[in-house]
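S.K.: Dumping the structure here so I can ask a few things about it.
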């Protein structure tokens, strides 16, 4: 069974369907924090906790404070998150209801950020092997050329 490795900035590239779409969104709307069902259902609400705990990169305040002191830890987290001005919820079509999108909208309101809901697109790389819990590059297709998308390698 082939292994699919994403050549991408992060998972949002895959959730949006292509590097081009991610780059276009990043270029047109910088300072966007993306939320997905997966993060929210696991209790990771990055835009809410970013300046207090995680910085969105897995660094928590306690760990940084132990290493650098509390004042420096707060400064590091603020520096890592101060450019965010909007939150986008990426709909993947697996949400049981609108609660994840509503939570993301509430998080944006709480922080005074813009909110946008985007339709995700895994369709270019999901084929019949999905039922077995894996993705296959043989089922991936580029809309233009019929070849695997540039973010998938085998």
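S.K.: Of the residues that sit in region 108-123 and are within 19 Å of residue 12 (Cα to Cα) and out of contact with any strand residue (DSSP E or B) (no Cβ under 6 Å at 6 or more places or on another chain), which one is modelled with the lowest pLDDT?
M.R.: Filtering first and then ranking leaves 123.
S.K.: When residues of region 1-44 are filtered for being part of a loop (DSSP other than H, G, I, E, B) and in contact (Cβ under 8 Å) with a residue 40 or more places away in the chain, how many remain?
M.R.: Within region 1-44, the first condition is being part of a loop (DSSP other than H, G, I, E, B), and the residues that meet it are 1-4, 7-10, 17-18, 29-31, 42-44.
Filter again for in contact (Cβ under 8 Å) with a residue 40 or more places away in the chain, leaving 1-4, 7-8, 17-18, 29-31.
Total satisfying the criteria: 11.
S.K.: Next up: Looking at region 62-82, is at least one residue under 18 Å from residue 11 (Cβ atoms), at pLDDT 80 or above and in a loop (DSSP other than H, G, I, E, B)?
M.R.: no
The values are calculated or read from the model by the stated rules, or taken from the named source; none is laboratory data. Keep in mind that this is a model prediction, so the values were computed, not measured. When we count neighbours, we look across all protein chains shown, and the Cβ atoms used for this are built from the backbone with ideal geometry, even at glycine.
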